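Notes follow once the structure below has been shown.
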Amino acid sequence: MGGFSVIWAGQVVSLVGNSVLRFAFVIEAWSAGERATAVTLLSLCALLPQVLLSPVAGALIDRSSKRTALQLADGGGLVVVAALCAVHFAGGGLQAWQVYPAVALLGVSAAFQFPAMASAVPMLVRGDQLQRANGMLASAKSTAEVGGPALGGLLVALSGVGVVLVVDVASFALALVTIRVVRFAGDARKTGAATGRKRILRDAVAGLRHLFRQPSLRDLMLTFCVVNLVMVFGFAAVQPMVLARTGNDAAALAAVNTAIGVGGVAGGLLMATWGGPRDRGRGMMLGIIGMCLTSQVAMALADGVVGWCAAIFAGALLMPVINGAMHSLVQTKVEPEWHGRVFGAVMFLSQLSVPIATGVSGPLADTVFEPQASAGTGLFAVLGPVLGDGPGSGMAAMLLIAGLLGIAVALWGLARRSVRDIDVLLPDVKPDKGEKE
């Protein structure tokens, strides 16, 4: 895994750099007086391009070499941040109208990042190392989520946004160097492919169709889509619930957020050491049940920062195991020439639920669950003795309901042979010539 480890190290640095920059932008937006609306808009500017463009990105990735696709993703980010850096130092600072489009362009680059990296992994490691490699990628993301805000807060406090921009430029440059020096086995640009806009859009749709062509992959993705929807609905209430139940204690929220990141890092390292479940269908469904029981049901029932941190840590630890197993299934069960399009489709389907669930969660908490909790009406005629009637109890109910629904969906997956026995029912594809075996 030497070549993969080199690229992984570059991606860790790049992801931390991006996390630092996002945190700095959040601080700037909040300080400008626009408050929550500005922060939410920043998140949407980053997320929506990733969601909407990922199928098209996957189609373009399948037309190029994986090295080129990764270089375009990191190179695009480098150009955007370098332009921001130049504007900042030339104009004495950045304006909001300059930041939001730049964040959206960084989201476009990120739309290429996941399908390109996921498609490249089989060229960098042997088949029996796929789950380990995917676990390492998950730990890279969690490392950025832990280290980025801490480093970002320090750099902004000591030297301002300008230094943060320079650091992010350097992180992108390092990631590009690591991609350049590593050999990709069997990597080549596809020749003879049409490049018209209509053909690219057809290929993007074809990725979704290819994913749903196999009953096992179709049922697995449907399970993941529904689980993501209900879990994001619950997770959207975690931070406001903690603040409401602790009287706006920022330290308590920081502890919970740190537990999430540390759990993700630990889960990625666990996958890298262990290699993941042999029976991936059952392993993923049992992992989802464990994640729902800990980070949602136990989180809702816990009383205090220690209980919340323990519950959310356990759930975050399981997430890289689940995602690593799912990614390795696609890498081994889908033909390599389809990897870009299928991973683009996976990203589209898995992330589509995030803005939907997040958009619904807040209004329901404010207008339905919290008022019912304080009045002891509706669901709280039953849940009141368990969850209480103080601030945050309504959001705890949302977490509890989301966890129970997620468990029900995972049990449905275990009951479906197409999901439970996917490793047996769906044969591994033969690797391309030169690909790692």
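Between 254, 236, 397, the residue with the greatest mean-square fluctuation in the GNM of the chain (Cα pairs under 10 Å linked by springs) is 254.
Think of each Lys and Arg Cβ as +1 and each Asp and Glu Cβ as -1; about the Cα centre, that makes the dipole of the chain roughly 1540 debye. Ordering 66, 333 from the fewest to the most neighbouring beta carbons within 10 Å gives 333, 66. Ranking 142, 117, 152 by how far each Cα lies toward the positive end of the dipole of the chain (charges on Cβ) leaves 117 at the top.
Scaled to the compact-protein estimate 2.2 N^0.38 Å, what is the alpha-carbon radius of gyration of region 1-183, rounded to two decimal places?
This ratio for region 1-183 stands at 1.03.
Just to confirm a number: summing +1 for Lys and Arg and -1 for Asp and Glu over residues other than residue 8 whose beta-carbon lies under 12 angstrom from that of residue 8, what do you get? Can you show the working numbers first?
Working: positive: 132, 141; negative: none.
Net charge in that neighbourhood comes out at +2.
Starting from the Cα of residue 379, step 7 Å toward the Cβ, then list every residue of region 387-415 with an amide N under 15 Å from that point. Backbone N within reach: 387-390, 392-408.
Considering every pair of different Cα atoms, what Kirkwood radius, in Å, is found for region 209-427?
This gives a value of 18.1 Å.
Here the chain has an Rg and Dmax of 21.7, 67 Å, counting Cα atoms alone. The alpha carbon convex hull volume per residue for region 214-256 rounds to 58 Å³. Among 303-310, 375-382, sorting by the average number of other beta carbon atoms lying within 10 angstrom of each residue, highest first, gives 303-310, 375-382.
Please give the calculated 222 nm ellipticity per residue for the chain, where each DSSP H segment of at least 4 residues contributes -39500 (n - 2.57) and the sum is spread over every residue; nearest 500 deg cm²/dmol?
Values: 18 runs with 347 residues, N = 437.
Computed mean residue ellipticity for the chain: -27000 deg cm²/dmol.
Over region 160-302, the Kirkwood radius and the radius of gyration, each from Cα atoms, give a ratio Rg/Rh of 1.06. With just the Cα atoms defining each centre, how far is region 140-177 from region 356-426? Give it in Å. Measuring centre to centre over Cα atoms gives 36 Å. About its Cα centre, region 270-384 has a charge dipole of approximately 400 debye under the convention of +1 per Lys or Arg Cβ and -1 per Asp or Glu Cβ, with nothing else charged.
Based on Cα contacts under 8 Å between residues 6+ apart, the chain shows a relative contact order of 27 percent.
Here the dipole of region 1-183 is about 480 debye; that uses its Cα centre as origin and unit charges on the Cβ of Lys and Arg (positive) and Asp and Glu (negative).
Values in this text are rule-based calculations from the coordinates and carry no lab data. Since the model is a prediction, treat every value here as computed from it, not as a measurement. Glycine also receives a Cβ, built like all others from the backbone with ideal geometry; neighbour counts cover every protein chain displayed.
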